Amino acid sequence: MMIELVAIVLIMIISSLPGLVPQVASTPPDDYMVKPNCTDFRCGNLIIPYPFGMEKGCYSSNWFSIYCNRSSDPHKPFLNHTSSLNVQLLHISLDYQTVTVNSPISSLCNNYGSADGKKNETKVSNSNSIDLNGTPFWFCDQYNIFMVLGSASALLLNQSQGVMAGCGSLCPIAFVYDQACSGVNCCQSIINSYTSYALNNYSVNFTTAVNGKGCVAHAFLVDRERFRNNFSSKYVIETGYAPLSLSWSMFKKHDEYANRCVDDESSPYYSQSCGCPFGTEGNPFLQNGCRGGVIPLIRSLGIYHHVSSSDKPEEKIEDASGTQIDNPNYRLWIVNDGLLTSWLLGTMKEEIISMAYEEDYTASQI
């Protein structure tokens, strides 16, 4: 047990030294995030990992094909440009199986005004989203929120006209362009996960009593964190687009390398639980995409049983007289396992820890 303690302290020290154990918390090299012999996998600042790809034979199916518009500066990637989607791609996550795209927003525009002789009246308008029906993508309720800008109330409706979200904003003064969203000029609402499950299209229902020519309100689904950190209300209104998070899965018939996903027999897709085995990192959708990691180091130091087995020493043992006493090996095991658990948590992303870790977990449970 004392040898184990020395080994765990050693692994924590050497893993903190740059270059000695680069596979523990390093970012996987670009070349094994893509299929072999695929050399064109960068568009602007974005790396295009498999199952997505830009060259024929480098993506899982046409739905995952990416077109890089190199006439723009910087270059801009577009998702499935040959279909009705053709939306600009902003980010790809293999860990969460999501993409962030620039999606068109819904706007309430009219030509009413006092010059037209119209009286103030309540107006209702509907607007539809991009249609993901029949694709391996769907709107992600976990990362998106519903926002309304301007002076209107709006409802977010699913394909069955069920209400998923709704809010209303007031605009008593000149429209202010900022990121604050407190009910004046802007409101936001979380999305009902029950009514938005596997959502592939939606509509926005506007209601307003404000007259005036032009667009008096705008509504859209938007990636909460990306909007907060990188975009503004003014940008969204001027461009007519907002960053939107989509979940995705792979068609079974196209994923010859997706052997690390839990297969859902009732679905044409693999389920969401795709990932590299514990202790490795990389691309779980490629045959040789998961490499390196912490397991080889743990095994070489003789402490692999802490992660491979849940067995631990008994807390109490009997002495020669048959009296129950504390087991010193148990106490040392607790110390060793706690140190190893702390080190393992240090190699993980904060988002993964929050979803998968409980306070009393041992190294083997992680």
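Only the coordinates and a few stated rules stand behind these numbers; no lab work does. Fair warning: this is a prediction, and the values are worked out from it, not measured in the lab. For neighbour counting, all protein chains shown are included, and Cβ atoms are generated from backbone atoms with ideal geometry for every residue, glycine included.
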Given labels modelled 7 Å from the Cα in the Cβ direction, how far is it in nm from Gln287 to Lys234?
5.4 nm
Please give the peptides 233-240, 133-140 ranked by average Cβ packing (other Cβ atoms within 10 Å per residue), highest first, as a rough proxy for protection.
133-140, 233-240
How high is the FRET efficiency from Ile47 to Asp360, r the C-beta distance, R0 41 Å, rounded to 0.05?
0.60
Peptides ranked, highest mean first, by Cβ atoms within 10 Å: ranges 49-59, 331-341, 67-77, 146-156:
146-156, 49-59, 331-341, 67-77
What order do you get for 36-45, 223-232 when each peptide is scored by the mean count of other beta carbon atoms within 10 Å, highest first?
223-232, 36-45
